Amino acid sequence: MGLFDFFSSDIAIDLGTANTLIIHKEKIIVDEPSIIAIDKTTNKVLAIGREAMNMHEKTHENIKTIRPLKDGVIADFYAAEQMIRGLIKMIPGHNKGMFPQSHRMVICIPSGITEVEKRAVRDSAEHAGGKEVYMIYEPLAAAIGIGIDIEKPMGSMIVDIGGGTTEIALIALSGIVADQSIRVAGDTFTKDILDYMRRQHNLLIGERSAEKVKIAIGSALTELDDPPEDYEIRGRDLMTGIPKVIKVSYSEIAFALDKSVSKIEEAVLKALEIAPPELSADIYDNGIHLTGGGALLKGLDRRLHQKTKLPIHIAEDPLRAVVRGTGNVLKNIKQFRTVLMT
(Lines give C-alpha, C1' and ligand atoms only; values in the text may rest on other atoms or scores of the structure.)
Protein backbone atom coordinates (compact mmCIF):
# COMPACT_ATOMS: atom_id res chain seq x y z
CA MET A 1 0.00 0.00 0.00
CA GLY A 2 1.62 3.20 -1.16
CA LEU A 3 1.35 6.62 0.41
CA PHE A 4 -1.19 7.62 -2.23
CA ASP A 5 -3.49 4.70 -1.31
CA PHE A 6 -3.38 5.84 2.27
CA PHE A 7 -4.81 9.24 1.41
CA SER A 8 -7.22 8.26 -1.28
CA SER A 9 -9.77 5.59 -1.92
CA ASP A 10 -11.53 4.53 -5.07
CA ILE A 11 -15.28 4.17 -4.93
CA ALA A 12 -17.94 3.24 -7.46
CA ILE A 13 -21.38 4.73 -6.91
CA ASP A 14 -24.72 3.79 -8.40
CA LEU A 15 -26.66 6.92 -7.53
CA GLY A 16 -30.23 5.79 -8.04
CA THR A 17 -33.59 7.44 -7.57
CA ALA A 18 -34.69 4.70 -5.17
CA ASN A 19 -31.43 3.15 -3.91
CA THR A 20 -27.79 4.14 -3.81
CA LEU A 21 -25.07 1.50 -3.78
CA ILE A 22 -21.36 2.00 -3.21
CA ILE A 23 -18.52 -0.38 -4.02
CA HIS A 24 -15.23 0.03 -2.19
CA LYS A 25 -12.30 -2.39 -2.53
CA GLU A 26 -14.42 -4.56 -4.86
CA LYS A 27 -17.16 -5.15 -2.29
CA ILE A 28 -20.64 -3.68 -2.09
CA ILE A 29 -20.34 -1.83 1.21
CA VAL A 30 -23.34 0.49 1.08
CA ASP A 31 -26.80 -0.43 -0.17
CA GLU A 32 -29.30 2.11 1.13
CA PRO A 33 -32.49 3.87 0.00
CA SER A 34 -31.76 7.29 -1.56
CA ILE A 35 -33.44 9.38 1.08
CA ILE A 36 -32.35 11.83 3.74
CA ALA A 37 -34.08 13.30 6.80
CA ILE A 38 -33.34 16.92 7.67
CA ASP A 39 -34.23 19.03 10.70
CA LYS A 40 -36.10 22.02 9.25
CA THR A 41 -35.11 24.47 11.99
CA THR A 42 -31.35 23.86 11.94
CA ASN A 43 -30.98 22.29 8.47
CA LYS A 44 -28.99 19.50 10.12
CA VAL A 45 -29.00 15.98 8.70
CA LEU A 46 -30.84 13.65 11.08
CA ALA A 47 -30.71 10.37 9.19
CA ILE A 48 -29.69 8.90 5.87
CA GLY A 49 -30.72 5.79 3.97
CA ARG A 50 -32.69 3.06 5.71
CA GLU A 51 -33.00 5.06 8.92
CA ALA A 52 -34.47 8.03 7.03
CA MET A 53 -36.74 5.67 5.06
CA ASN A 54 -38.27 4.48 8.33
CA MET A 55 -39.16 8.10 9.10
CA HIS A 56 -40.59 8.77 5.62
CA GLU A 57 -44.24 9.94 5.73
CA LYS A 58 -44.27 9.71 9.53
CA THR A 59 -42.63 13.02 10.38
CA HIS A 60 -43.82 16.08 12.32
CA GLU A 61 -43.36 19.61 11.02
CA ASN A 62 -39.76 20.03 12.18
CA ILE A 63 -38.46 17.07 10.21
CA LYS A 64 -38.65 16.66 6.48
CA THR A 65 -37.60 13.63 4.48
CA ILE A 66 -36.23 14.35 1.03
CA ARG A 67 -35.55 12.05 -1.86
CA PRO A 68 -32.86 14.13 -3.58
CA LEU A 69 -33.20 12.37 -6.93
CA LYS A 70 -36.22 12.46 -9.14
CA ASP A 71 -36.47 10.67 -12.48
CA GLY A 72 -32.83 9.60 -12.25
CA VAL A 73 -31.46 13.12 -11.89
CA ILE A 74 -30.66 15.37 -8.96
CA ALA A 75 -33.66 17.48 -7.96
CA ASP A 76 -32.39 18.81 -4.64
CA PHE A 77 -28.74 19.79 -4.82
CA TYR A 78 -28.05 20.38 -1.12
CA ALA A 79 -29.80 17.17 -0.05
CA ALA A 80 -28.01 15.12 -2.71
CA GLU A 81 -24.62 16.37 -1.62
CA GLN A 82 -25.37 15.68 2.05
CA MET A 83 -26.66 12.23 1.17
CA ILE A 84 -23.60 11.25 -0.87
CA ARG A 85 -21.37 12.55 1.89
CA GLY A 86 -23.26 10.60 4.54
CA LEU A 87 -23.26 7.40 2.52
CA ILE A 88 -19.51 7.66 1.92
CA LYS A 89 -19.07 8.01 5.68
CA MET A 90 -20.70 4.60 6.06
CA ILE A 91 -17.66 2.98 4.43
CA PRO A 92 -15.76 1.20 7.22
CA GLY A 93 -12.37 2.75 7.95
CA HIS A 94 -13.39 6.02 6.31
CA ASN A 95 -11.46 9.10 7.48
CA LYS A 96 -9.23 7.21 9.89
CA GLY A 97 -6.11 9.19 8.97
CA MET A 98 -5.16 12.70 9.98
CA PHE A 99 -6.02 14.12 6.59
CA PRO A 100 -9.45 14.01 4.94
CA GLN A 101 -9.55 11.36 2.25
CA SER A 102 -10.02 12.29 -1.35
CA HIS A 103 -11.79 9.84 -3.58
CA ARG A 104 -11.58 8.75 -7.15
CA MET A 105 -15.20 8.14 -8.06
CA VAL A 106 -17.03 6.51 -10.89
CA ILE A 107 -20.74 7.36 -10.88
CA CYS A 108 -23.47 6.11 -13.20
CA ILE A 109 -25.90 8.46 -14.87
CA PRO A 110 -28.99 7.89 -17.05
CA SER A 111 -28.37 7.91 -20.80
CA GLY A 112 -31.06 10.53 -21.42
CA ILE A 113 -29.44 13.08 -19.15
CA THR A 114 -28.80 16.71 -20.14
CA GLU A 115 -25.51 18.57 -19.74
CA VAL A 116 -26.89 20.61 -16.85
CA GLU A 117 -28.04 17.49 -15.00
CA LYS A 118 -24.67 15.88 -15.65
CA ARG A 119 -22.94 18.86 -14.10
CA ALA A 120 -25.17 18.65 -11.03
CA VAL A 121 -23.98 15.07 -10.47
CA ARG A 122 -20.35 16.04 -10.91
CA ASP A 123 -20.62 19.05 -8.60
CA SER A 124 -22.37 17.05 -5.88
CA ALA A 125 -19.71 14.37 -6.06
CA GLU A 126 -16.89 16.90 -5.93
CA HIS A 127 -18.45 18.68 -2.94
CA ALA A 128 -18.75 15.32 -1.21
CA GLY A 129 -14.99 14.75 -1.52
CA GLY A 130 -14.48 13.43 -5.04
CA LYS A 131 -11.11 14.45 -6.40
CA GLU A 132 -11.41 12.74 -9.79
CA VAL A 133 -15.01 12.16 -10.80
CA TYR A 134 -15.79 9.95 -13.78
CA MET A 135 -19.24 9.17 -15.10
CA ILE A 136 -20.56 6.24 -17.05
CA TYR A 137 -23.96 5.67 -18.65
CA GLU A 138 -26.13 3.25 -16.68
CA PRO A 139 -26.92 0.80 -19.50
CA LEU A 140 -23.19 0.42 -20.24
CA ALA A 141 -22.49 -0.22 -16.57
CA ALA A 142 -25.36 -2.72 -16.44
CA ALA A 143 -23.98 -4.57 -19.48
CA ILE A 144 -20.53 -4.81 -17.91
CA GLY A 145 -22.15 -5.86 -14.64
CA ILE A 146 -23.92 -8.86 -16.16
CA GLY A 147 -20.75 -9.97 -17.90
CA ILE A 148 -21.27 -8.79 -21.48
CA ASP A 149 -18.06 -7.97 -23.31
CA ILE A 150 -19.08 -4.53 -24.54
CA GLU A 151 -15.93 -3.98 -26.61
CA LYS A 152 -16.84 -6.58 -29.22
CA PRO A 153 -18.61 -5.63 -32.46
CA MET A 154 -21.64 -7.57 -31.21
CA GLY A 155 -24.99 -5.96 -30.43
CA SER A 156 -26.52 -6.38 -26.98
CA MET A 157 -29.75 -4.87 -25.76
CA ILE A 158 -30.15 -3.78 -22.16
CA VAL A 159 -33.42 -2.75 -20.56
CA ASP A 160 -32.58 -1.25 -17.17
CA ILE A 161 -35.73 -0.49 -15.18
CA GLY A 162 -34.70 1.58 -12.18
CA GLY A 163 -36.64 3.72 -9.75
CA GLY A 164 -36.90 6.91 -11.78
CA THR A 165 -36.05 5.97 -15.34
CA THR A 166 -36.13 3.03 -17.70
CA GLU A 167 -33.00 2.97 -19.83
CA ILE A 168 -33.12 0.97 -23.01
CA ALA A 169 -29.87 0.80 -24.92
CA LEU A 170 -28.33 -1.04 -27.78
CA ILE A 171 -24.67 -1.53 -27.09
CA ALA A 172 -21.79 -2.41 -29.40
CA LEU A 173 -18.09 -1.47 -29.57
CA SER A 174 -18.08 0.11 -26.07
CA GLY A 175 -20.77 2.59 -26.96
CA ILE A 176 -24.50 3.15 -27.13
CA VAL A 177 -25.75 2.85 -30.70
CA ALA A 178 -29.43 3.55 -30.07
CA ASP A 179 -31.16 4.40 -26.84
CA GLN A 180 -34.49 5.25 -25.32
CA SER A 181 -34.70 6.77 -21.87
CA ILE A 182 -38.19 7.12 -20.44
CA ARG A 183 -39.28 8.38 -17.07
CA VAL A 184 -41.56 5.45 -16.36
CA ALA A 185 -40.09 3.03 -13.86
CA GLY A 186 -40.37 1.70 -10.30
CA ASP A 187 -41.63 4.97 -8.82
CA THR A 188 -44.34 5.15 -11.47
CA PHE A 189 -45.44 1.61 -10.57
CA THR A 190 -45.64 2.59 -6.90
CA LYS A 191 -47.73 5.65 -7.75
CA ASP A 192 -50.02 3.55 -9.97
CA ILE A 193 -50.74 1.21 -7.05
CA LEU A 194 -51.37 4.17 -4.75
CA ASP A 195 -53.83 5.75 -7.21
CA TYR A 196 -55.56 2.44 -7.91
CA MET A 197 -56.17 1.75 -4.21
CA ARG A 198 -57.63 5.21 -3.79
CA ARG A 199 -59.88 5.00 -6.85
CA GLN A 200 -60.95 1.40 -6.60
CA HIS A 201 -61.06 0.69 -2.88
CA ASN A 202 -61.37 4.18 -1.37
CA LEU A 203 -58.26 3.37 0.59
CA LEU A 204 -55.56 5.95 1.17
CA ILE A 205 -52.14 4.34 1.51
CA GLY A 206 -48.63 5.76 1.81
CA GLU A 207 -45.76 5.48 -0.62
CA ARG A 208 -44.00 2.90 1.53
CA SER A 209 -47.07 0.64 1.72
CA ALA A 210 -47.52 0.87 -2.05
CA GLU A 211 -43.85 -0.04 -2.49
CA LYS A 212 -44.30 -3.11 -0.27
CA VAL A 213 -47.31 -4.22 -2.30
CA LYS A 214 -45.31 -3.81 -5.51
CA ILE A 215 -42.45 -5.94 -4.19
CA ALA A 216 -44.74 -8.62 -2.77
CA ILE A 217 -47.31 -9.09 -5.54
CA GLY A 218 -46.46 -6.62 -8.32
CA SER A 219 -47.05 -8.25 -11.68
CA ALA A 220 -47.04 -7.40 -15.37
CA LEU A 221 -49.52 -10.15 -16.29
CA THR A 222 -53.00 -10.81 -14.92
CA GLU A 223 -52.39 -14.57 -15.13
CA LEU A 224 -49.18 -16.07 -13.75
CA ASP A 225 -48.09 -19.70 -13.58
CA ASP A 226 -47.16 -19.58 -9.90
CA PRO A 227 -49.30 -16.78 -8.49
CA PRO A 228 -48.25 -15.09 -5.23
CA GLU A 229 -50.74 -15.09 -2.35
CA ASP A 230 -53.13 -12.20 -1.81
CA TYR A 231 -51.63 -9.34 0.15
CA GLU A 232 -53.11 -7.36 3.03
CA ILE A 233 -52.86 -3.60 2.67
CA ARG A 234 -53.44 -1.30 5.60
CA GLY A 235 -54.50 2.28 5.08
CA ARG A 236 -57.15 4.87 5.80
CA ASP A 237 -60.69 4.45 4.61
CA LEU A 238 -61.62 7.61 2.70
CA MET A 239 -65.32 7.31 3.54
CA THR A 240 -65.05 6.87 7.30
CA GLY A 241 -61.53 8.14 7.95
CA ILE A 242 -60.81 5.03 10.02
CA PRO A 243 -57.81 2.76 9.39
CA LYS A 244 -58.75 -0.50 7.69
CA VAL A 245 -57.29 -3.53 5.93
CA ILE A 246 -58.01 -4.78 2.41
CA LYS A 247 -56.82 -7.91 0.65
CA VAL A 248 -55.67 -7.48 -2.95
CA SER A 249 -54.65 -10.05 -5.51
CA TYR A 250 -51.76 -9.84 -7.96
CA SER A 251 -54.16 -9.60 -10.94
CA GLU A 252 -55.59 -6.36 -9.56
CA ILE A 253 -52.08 -4.95 -9.27
CA ALA A 254 -51.29 -6.14 -12.79
CA PHE A 255 -54.34 -4.23 -13.97
CA ALA A 256 -53.16 -1.11 -12.08
CA LEU A 257 -49.68 -1.31 -13.63
CA ASP A 258 -50.85 -2.15 -17.14
CA LYS A 259 -50.55 1.35 -18.67
CA SER A 260 -47.04 1.94 -17.33
CA VAL A 261 -45.79 -1.48 -18.45
CA SER A 262 -47.20 -0.73 -21.92
CA LYS A 263 -45.11 2.44 -22.03
CA ILE A 264 -41.99 0.39 -21.33
CA GLU A 265 -42.99 -2.07 -24.07
CA GLU A 266 -43.44 0.80 -26.54
CA ALA A 267 -40.02 2.20 -25.70
CA VAL A 268 -38.43 -1.24 -26.22
CA LEU A 269 -40.11 -1.52 -29.61
CA LYS A 270 -39.00 1.98 -30.53
CA ALA A 271 -35.39 1.17 -29.66
CA LEU A 272 -35.61 -1.99 -31.77
CA GLU A 273 -37.02 0.06 -34.67
CA ILE A 274 -34.10 2.48 -34.76
CA ALA A 275 -31.46 -0.26 -34.49
CA PRO A 276 -29.17 -0.76 -37.49
CA PRO A 277 -30.12 -4.02 -39.27
CA GLU A 278 -26.81 -5.78 -38.54
CA LEU A 279 -27.32 -5.21 -34.84
CA SER A 280 -30.93 -6.36 -35.10
CA ALA A 281 -29.55 -9.67 -36.29
CA ASP A 282 -27.35 -9.89 -33.18
CA ILE A 283 -30.26 -9.11 -30.89
CA TYR A 284 -32.34 -11.82 -32.53
CA ASP A 285 -29.65 -14.26 -31.37
CA ASN A 286 -28.73 -12.72 -28.03
CA GLY A 287 -32.12 -11.47 -26.89
CA ILE A 288 -32.81 -8.69 -24.43
CA HIS A 289 -31.27 -8.41 -20.97
CA LEU A 290 -33.40 -7.03 -18.13
CA THR A 291 -31.66 -5.33 -15.20
CA GLY A 292 -32.64 -3.00 -12.37
CA GLY A 293 -35.30 -3.47 -9.71
CA GLY A 294 -38.08 -3.40 -12.30
CA ALA A 295 -36.73 -6.64 -13.78
CA LEU A 296 -38.10 -8.37 -10.67
CA LEU A 297 -41.69 -7.51 -11.63
CA LYS A 298 -43.39 -10.88 -11.95
CA GLY A 299 -44.25 -11.88 -15.50
CA LEU A 300 -42.49 -8.93 -17.12
CA ASP A 301 -40.13 -11.21 -19.05
CA ARG A 302 -43.06 -13.18 -20.44
CA ARG A 303 -44.94 -10.05 -21.38
CA LEU A 304 -41.96 -8.59 -23.24
CA HIS A 305 -41.43 -11.93 -24.93
CA GLN A 306 -45.03 -11.95 -26.16
CA LYS A 307 -44.57 -8.45 -27.52
CA THR A 308 -41.15 -8.82 -29.18
CA LYS A 309 -40.89 -12.61 -29.73
CA LEU A 310 -37.25 -12.30 -28.61
CA PRO A 311 -35.55 -14.24 -25.83
CA ILE A 312 -35.65 -12.23 -22.58
CA HIS A 313 -32.97 -12.80 -19.94
CA ILE A 314 -33.36 -11.51 -16.40
CA ALA A 315 -29.96 -10.69 -14.91
CA GLU A 316 -29.06 -12.49 -11.72
CA ASP A 317 -29.33 -10.04 -8.83
CA PRO A 318 -30.65 -7.32 -11.20
CA LEU A 319 -30.65 -4.64 -8.48
CA ARG A 320 -26.87 -4.78 -8.27
CA ALA A 321 -25.95 -5.23 -11.93
CA VAL A 322 -25.25 -1.52 -12.48
CA VAL A 323 -23.08 -1.02 -9.41
CA ARG A 324 -21.18 -4.22 -10.13
CA GLY A 325 -20.41 -2.97 -13.64
CA THR A 326 -19.34 0.39 -12.25
CA GLY A 327 -17.05 -1.44 -9.83
CA ASN A 328 -15.47 -3.40 -12.69
CA VAL A 329 -14.88 -0.18 -14.61
CA LEU A 330 -13.23 1.34 -11.56
CA LYS A 331 -10.98 -1.71 -11.17
CA ASN A 332 -9.87 -1.66 -14.83
CA ILE A 333 -10.09 2.06 -15.34
CA LYS A 334 -7.41 2.14 -18.05
CA GLN A 335 -9.15 -0.51 -20.13
CA PHE A 336 -12.53 1.26 -19.92
CA ARG A 337 -11.21 4.80 -20.44
CA THR A 338 -13.34 5.10 -23.60
CA VAL A 339 -16.69 4.61 -21.84
CA LEU A 340 -16.00 7.15 -19.10
CA MET A 341 -16.86 10.82 -19.12
CA THR A 342 -15.22 13.43 -16.96
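The values are calculated or read from the model by the stated rules, or taken from the named source; none is laboratory data. Owing to the predicted nature of the structure, the values given are computational and were not obtained by experimental measurement. No Cβ is skipped: glycine too gets one built from the backbone with ideal geometry, and neighbour counts run over all protein chains shown. Note: accessible area is taken over every heavy atom of the protein model, side chains too, but ligands, DNA and RNA are not part of it. Shrake-Rupley method; radii C 1.70, N 1.55, O 1.52, S 1.80 Å.
Computed values, structure above
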| quantity | calculated |
| --- | --- |
| Residue 260 - accessible surface, heavy atoms, 1.4 Å probe, Å² rounded to 10 | 10 Å² |
| The range 247-337 shape via C-alpha gyration tensor axes, a/c threshold 1.5 | oblate |
| The chain, dipole about Cα centre (Lys/Arg Cβ +1, Asp/Glu Cβ -1), debye to the nearest 20 | 920 debye |
| Loop trypsin sites (Lys or Arg not before Pro), the range 54-137, which have at most 16 other Cβ atoms in a 10 Å radius of their Cβ (DSSP) | 58, 96 |
| Listed candidates (1) 32, 61, 8; (2) 29, 52, 19, 0; (3) 30, 55, 14, 0 - label of the one calculated as P(r) over Cα pairs in 20 Å bins from 0, in percent | (3) |
| The range 48-123: GluC sites (Glu not before Pro) falling in loop per DSSP and having at most 13 other Cβ within 10 Å | 57, 61 |
| Gap separating the Cα centres of the range 100-128 and the range 12-53, nearest whole Å | 15 Å |
| Accessible surface, per residue, of the chain when the full set of protein chains is kept, probe 1.4 Å, Å² | 48 Å² |
| Nearby lysines by direct alpha-carbon distance to residue 89 (threshold 19 angstrom, same-chain neighbours under 8 apart not counted) | 25, 27, 44, 131 |
| MRE, 222 nm, helices only [DSSP H, n ≥ 4, -39500 (n - 2.57), over the chain, to nearest 500] | -11500 deg cm²/dmol |
| The range 186-256 shape via C-alpha gyration tensor axes, a/c threshold 1.5 | prolate |
| Probe 1.4 Å, all protein chains present, accessible-area order of 250, 284, 78, largest first | 284, 78, 250 |
| Mean Kyte hydropathy of 0.0 or more with a Cα span along the axis of at least 20 Å, helices from DSSP in the chain | 250-273 |
| Solvent-accessible area, 1.4 Å probe, carbon plus sulfur percent, for the chain | 51 percent |
| Residue 313 long-range amide H proximity, modeled H, under 5 Å | 288, 289, 290 |
| Pairwise centroid distance, computed over Cα atoms, of the range 252-323 with the range 142-186, Å | 11 Å |
| Net charge of neighbours whose Cβ lies under 14 Å from the Cβ of residue 182, counting Lys and Arg as +1 and Asp and Glu as -1 | -4 |
| Low-density loop positions, GluC sites (Glu not before Pro), the range 258-342 - DSSP coil, at most 15 other Cβ in 10 Å | 316 |
